[in-house]
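The values are calculated or read from the model by the stated rules, or taken from the named source; none is laboratory data. Fair warning: this is a prediction, and the values are worked out from it, not measured in the lab. All Cβ positions, even for glycine, are placed from backbone atoms using ideal geometry, and neighbour counts span all protein chains on display.
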Amino acid sequence: HKPLCSALKLQDVCCGVKESSTKDQFVDLLVLVAAQRPVKEVRSKRNGEMLNCLELIVIDNSYRNGVILSIWQADWIQRAEQYWEGMGTALHLIEVKLAYSEFYKSTTLTFSGRTLAYENPIGSEVDALMKFASTLTTKPWDSLAYTMNNQVDGKQLL
């Protein structure tokens, strides 16, 4: 659909979304799944319905601290749980929703109805991303992963 070379860098999109008043945007990214957390149940403010949410931490060679990618669609949650490995799965995300989260006080990504995801695409950009990942000796995103795991009762309001 789109060439890998057209993907933006996480550092660029994180710098561009600093305020909560920023409108939602859709961007293309090439990222590596750094970590995956268990699916959690979240109560919707709209109707009180319980929804499942899978949060991943994704990185690239420009932003190793990690950004949260939320997935709400049951079929994509199942696919991610079965096939996407931390530090082993590259994703070419097309039209992923970029926003500022008041809850996390940071930039977040959301898998939306218009998002396309290519798993482990082939290209020199992916090779460079995997090479970068193999050089990491620390996991700077661990503090973000810790925050994700220590929410009250694993539930939050949307």
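Say whether the condition of being at pLDDT 95 or above and under 14 Å from residue 117 (Cβ atoms) is met by at least one residue in segment 19-26. No, segment 19-26 has no match at all. As for segment 53-67, it holds no residue that is charged (D, E, K, R) and without any contact (Cβ under 8 Å) to a residue 40 or more places away in the chain.
Scanning segment 100-127 for residues that are out of contact with any strand residue (DSSP E or B) (no Cβ under 8 Å at 6 or more places or on another chain) and surrounded by fewer than 14 Cβ atoms within 10 Å (Cβ to Cβ) returns 102, 103, 105, 113, 122, 124, 127. Annotation: residue 10 fulfils all but one of (1) out of contact with any Phe, Trp or Tyr (no Cβ under 7 Å at 6 or more places or on another chain); (2) modelled with pLDDT of 90 or more; the unmet one is (1).
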